[in-house]
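What follows is a single structure, written as structure tokens, with notes after it.
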Amino acid sequence: TPTSDQRENVVIIFGKFLVCLGDIARYREQYNENDGRPRAGTDQMMPRKGTSRGGKKNNNPTPRSRNYSRSQLIYEQARLLVPDDGNASHQLAVLAAYEKDNFATLYHYYRALCVRCPYDPASENLTTVLRKAVEQYRTSNREEINDGARRDSKLRLARFKTWVVLLHGLWYLDNDE
């Protein structure tokens, strides 16, 4: 029978394995140009090659957004399996950044740093996200955001999340920034 240390090592290895599987699923979705999705890193639509079922050329592709749900599920399982390792939380932050959700990105980067074995690259990435959020807020038209938020509860929630990220950015970044 394996000892507790051996079991713990196997769980850690399996957690790293899950993170690698999540990375593969993410890269597969990111670089898959089928179904009218734009090439990774661009917003331009690539025309579909080939023909549709009726033999006609399909010149008007319907775009399909990228779906990272499979990789997100795998990363969450890795995080649940090895909660003391920050790598899975870092990968979840990367997925949240793809969705341009600064609040979720901030949350997952903090989780990646506030564990027994923090994932060190998350610190630099967190700084980058917070700098961008502060700069974006400085250049945004705040009056339009506040006027719309008074009427709609979803906009109020979005404004609250923006303020939380901004507040953390002001706390986290140096005073001279």
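Taken together, the values in this text are just the output of simple stated rules run on the coordinates, not laboratory data. Since we're looking at a predicted model, the values are computed, not measured. We place every Cβ from the backbone using ideal geometry, glycine too, and count neighbours over all the protein chains shown.
Could you go through the range 118-128 in sequence order and give the Karplus-derived ³J(HN,Hα) for each residue, using 6.51 cos²θ - 1.76 cosθ + 1.60 with θ = phi - 60°, rounded to whole Hz, and x for Gly and Pro?
x, 9, 4, x, 5, 5, 5, 5, 4, 4, 4
Residue by residue through the range 15-27, what is 3J(HN,Hα) from phi via Karplus (6.51 cos²θ - 1.76 cosθ + 1.60, θ = phi - 60°)? Round to whole Hz and write x for glycine and proline.
The phi angles translate into x, 5, 4, 5, 4, 5, 5, x, 4, 4, 5, 5, 5 Hz.
Go ahead and run the numbers for FRET between Asp5 and Glu99, Cβ-Cβ distance against an R0 of 41 Å, rounding to 0.05.
In this case the efficiency is close to 0.60.
Hey, rough spin-label estimate for Leu157 and Gln136, points 7 angstrom out along Cα→Cβ, what's it come to in nanometres?
1.8 nm
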